[in-house]
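Undergrad: Questions regarding the structure given below will be posed in turn.
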Amino acid sequence: MKKSKIVLFSFFAGLIATFLILRYVYKDHRDIATESASFRLVSSELITEFSTDAEAATTKYLDQTVEISGEVSGVSEAYFTLNQSIVCYTDSLSISKISNSQQIKAKGRFIGYDDLLEEIKFDQVTIIHE
């Protein structure tokens, strides 16, 4: 009798532990488009902050949702560039709506700074205002 209670308790404890582990591992993905921005900046401010102290700026913005506004300086198939230094990766539908020299406001997740090319990179970018 006592042995069966221990086995039953162990089974349910293992079941609960398995559920919690799977829930932790398979979390829902972030939807940057619906998140509110942690920071709202003009592209020139962001560029100045990274040219002053790239390490501190990277720590401040890493994995944060940032709203940036600026002039489109380049458009490619998978990304567009703001003020020649901010690379914004987005879907092709959003890219088809923008053109060079256009003022836009966009929101995305900061993923890093490239020291070699001096590029500030965002992904999951959505255009808020054209």
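Undergrad: Relative contact order for the chain using alpha-carbon pairs under 8 Å, separation at least 6, rounded to a whole percent?
TA: Taking the mean separation of contacting Cα pairs over the length of the chain, I get 22 percent.
Undergrad: Follow-up question, since we're still on this one. May I ask you to evaluate 6.51 cos²θ - 1.76 cosθ + 1.60, the Karplus curve with θ = phi - 60°, for each residue of segment 107-118 and list the ³J(HN,Hα) values in order in whole Hz, giving x for glycine and proline?
TA: For segment 107-118, the Karplus curve yields 10, x, 9, 6, 10, x, 10, 9, 5, 5, 8, 6 Hz.
Undergrad: Additional query: What chymotrypsin sites (Phe, Trp or Tyr not before Pro) does segment 11-81 have in DSSP loop regions with at most 15 other beta carbons within 10 Å?
TA: Answer in residue order: TYR26.
Undergrad: Search the structure for amide H atoms under 5 Å from the amide H of ARG40, placed 1.01 Å from N in the peptide plane, and list their residues when 5 or more places away or on another chain.
TA: Long-range HN contacts for ARG40: GLU67.
Undergrad: Sort largest first and round to whole Å: the equivalent ellipsoid semi-axes of the chain, each the square root of five times a Cα gyration tensor eigenvalue.
TA: 44, 17, 11
None of the figures in this text is laboratory data; all of them are computed from the coordinates on show. On a predicted model such as this, the values are computed, not experimentally measured, just so you know. Because the Cβ atoms are built from the backbone with ideal geometry, glycine has one as well, and the counts that use them run over all protein chains shown.
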